[in-house]
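Okay, so here's the structure we're looking at.
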Amino acid sequence: NNGLVPGLVLNNTIDLEVLSNSGSDAEVIEDTIQAAEQGRSLVVGYGTSAAALAGGYLGKVYEIAQLTDVASTALISDTHQYPFLSRLNINSKNAGEAMRQSILHYSRIQPGWTNVAVIAKSD
């Protein structure tokens, strides 16, 4: 770091668990609740806008941060309804790397981004 990036914490450890499902709303809800009950502080994924809305509602209930990479609905812009849901829209070719970089960035500057569950849609 050499003092070039103030506040940068080196040697962070991120506990990552991948929860793979078909992407149905029911499975997203089940996986989000499971992640919250396991003490996860962040869920990354939600392959559709509908899944993001379902998971976003649970984020408010369980106070678990969430990051979606593809949800395009304007409804999730309502920060009162979805205060723990953030979105990151990017093409699918770069989505995995963008999520990794985002998790690493936020894990260095704010609490709650080091014990992560990733919800992935399987085809």
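The values are calculated or read from the model by the stated rules, or taken from the named source; none is laboratory data. Note that the structure is a prediction, hence the values are computed from the model and not measured. Here the Cβ is made from the backbone with ideal geometry for all residues, glycine too, and neighbour counts use every protein chain on show. SASA here: full protein model, heavy atoms, side chains in, ligands and nucleic acids out. Shrake-Rupley method; radii C 1.70, N 1.55, O 1.52, S 1.80 Å.
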Review point. What pairs come up if the first residue lies in region 72-84 and is more than 13 Å from G59 (Cβ to Cβ), the second is open to solvent by less than 80 Å² (accessible area, probe 1.4 Å), and their beta carbons are under 8 Å apart, counting only those six or more places apart or on different chains?
Key: S72/S49; T73/S49; T73/A52; T73/L53; L75/S49; L75/L53; L75/Q81; L75/Y82
Practice item. With respect to G45, determine if the residue is under 11 Å from the mean Cα position of the chain (by Cα) and touching a residue at least 40 places away in the same chain (Cβ under 8 Å). Key: yes
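I want to confirm something. Restricting to region 33-77 and keeping residues that are aromatic (F, W, Y) and over 22 Å from Q101 (Cα atoms), which single residue is modelled with the lowest pLDDT?
Among those residues, the one meeting the criterion is Y57.
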Check your understanding: Restricting attention to region 80-102, does a residue exist that is assigned to a helix (DSSP H, G or I) and crowded, with 20+ Cβ neighbours inside 10 Å?
Key -> no
Revision key, fill the gap. Of the conditions (1) at pLDDT 85 or above; (2) surrounded by fewer than 15 Cβ atoms within 10 Å (Cβ to Cβ); (3) among the polar types (S, T, N, Q); (4) within 18 Å of R40 (Cβ to Cβ), the single one that Q110 does not satisfy is (1)
**Study point:** Selection status of G23, modelled with pLDDT under 85 and at positive phi
**Key:** yes
Check your understanding: Yes or no: V28 touching a helix residue (DSSP H, G or I) at 6+ places or on another chain (Cβ under 6 Å) and in a strand (DSSP E or B)?
Key -> no
